[in-house]
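Undergrad: My structure is below; once you've seen it, I'll send some questions.
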Amino acid sequence: MSIHFDFDEAKATAVAALLIGLSRNTLTRADIVTLLYAVDCEALSQWGKPIIGGTYVCGPWDQYITEAWRVSRPSAHSYYAQYIRDAQVIREPGTDDLSAAEIELVERVWHTPLHLLRSYYPGTDAEGVVPYETIMRHAGKSEAAIAAIAADARAVEALKKLPRL
């Protein structure tokens with residue numbers, strides 16, 4: 001069973017707004033979703049879990065998070081679209097959903113030279129999906145560490161299915 005982490009639209013929105021601010025409004029929508037992917041790859045490399053989550057795919061220009069591409073469409077009626085339109089922040093979402101470590105990681109990725117960000121692209125499966133395990137192997141995580149992360153992710157998913165009291 002492969003590892004999966006749910007897409008967190010609030011965190012994706014907060015990270016995108018941070019990146020737009022760091023860029024001084026020079027990013028395109030494609031740049032944003034590609035950088036969101038790079039941020040998650042760095043989080044997976046360091047912490048064994050993403051900030052944003054979702055499904056990573058290889059697209060026509062770079063790799064990106066499918067759900068981030070969908071919610072960032074100009075015609076989208078999404079949480080993201082309430083704050084960001086046409087790659088511009090229209091209302092500040094704030095960073096309450098992000099930890100100080102997550103904000104610092106976003107800033108570090110922003111300041112990483114583009115050719116080094118390309119090293120986050122380890123390859124895809126037959127459907128063009130970039131598995132979490134592939135990213136973690138590419139980052140040098142051991143099979144034992146990946147198995148432990150997978151077990152943790154399954155435990156979190158099982159907890160989500162429990163009835164609320």
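The values are calculated or read from the model by the stated rules, or taken from the named source; none is laboratory data. Note that the coordinates shown come from a computational prediction; the quantities given were computed from them, not determined experimentally. All Cβ positions, even for glycine, are placed from backbone atoms using ideal geometry, and neighbour counts span all protein chains on display.
Undergrad: Select, from 124, 134, the only residue that is closer than 25 Å to residue 4 by Cβ, at pLDDT below 90 and not in a loop (DSSP other than H, G, I, E, B).
TA: Being closer than 25 Å to residue 4 by Cβ, at pLDDT below 90 and not in a loop (DSSP other than H, G, I, E, B) holds for just one of 124, 134, which is 134.
Undergrad: Can I ask one more? Could you grab the pairs with beta carbons closer than 8 Å, sequence gap of 6+ or different chains, first residue in segment 87-114 and touching a residue at least 40 places away in the same chain (Cβ under 8 Å) and over 17 Å from residue 31 (Cα atoms), second one outside any helix (DSSP H, G or I) and not aromatic (Phe, Trp, Tyr)?
TA: 93/84; 97/8; 98/51; 102/51; 103/95; 105/51
Undergrad: Can you find a residue that is on the phi > 0 side of the Ramachandran plot and free of Cβ contacts under 8 Å to residues at least 40 places away in the same chain anywhere in segment 34-48?
TA: no
Undergrad: So, one more: Looking only at residues that are part of a loop (DSSP other than H, G, I, E, B) and polar (S, T, N, Q) in segment 18-56, which one is surrounded by the most Cβ atoms within 10 Å (Cβ to Cβ)?
TA: In this case the residue turns out to be 55.
Undergrad: May I pose another question? Among the numbered criteria (1) farther than 18 Å from residue 92 by Cβ; (2) free of Cβ contacts under 8 Å to residues at least 12 places away in the same chain, which one does residue 58 miss?
TA: (2)
Undergrad: Which residues, taken from segment 50-86, are farther than 24 Å from residue 24 by Cα and more than 11 Å from the chain's Cα centre (by Cα)?
TA: 57, 58, 59, 60, 77
Undergrad: Tell me which residues, restricted to segment 57-95, are among the hydrophobic types (A, V, I, L, M, F, W, C) and not in a loop (DSSP other than H, G, I, E, B).
TA: Answer for segment 57-95, where residues must be among the hydrophobic types (A, V, I, L, M, F, W, C) and not in a loop (DSSP other than H, G, I, E, B): 57, 58, 65, 68, 69, 71, 81, 84, 89.
Undergrad: Over 17 Å from the mean Cα position of the chain (by Cα), at pLDDT below 85 and of a type outside the set (Val, Ile, Thr): which single residue out of 141, 160 fits that description?
TA: Exactly one residue qualifies, and that residue is 160.
Undergrad: What number goes with the only condition from (1) in a helix (DSSP H, G or I); (2) modelled with pLDDT of 90 or more; (3) hydrophobic (A, V, I, L, M, F, W, C) that residue 98 does not pass?
TA: Looking at each condition in turn, residue 98 falls short on (1).
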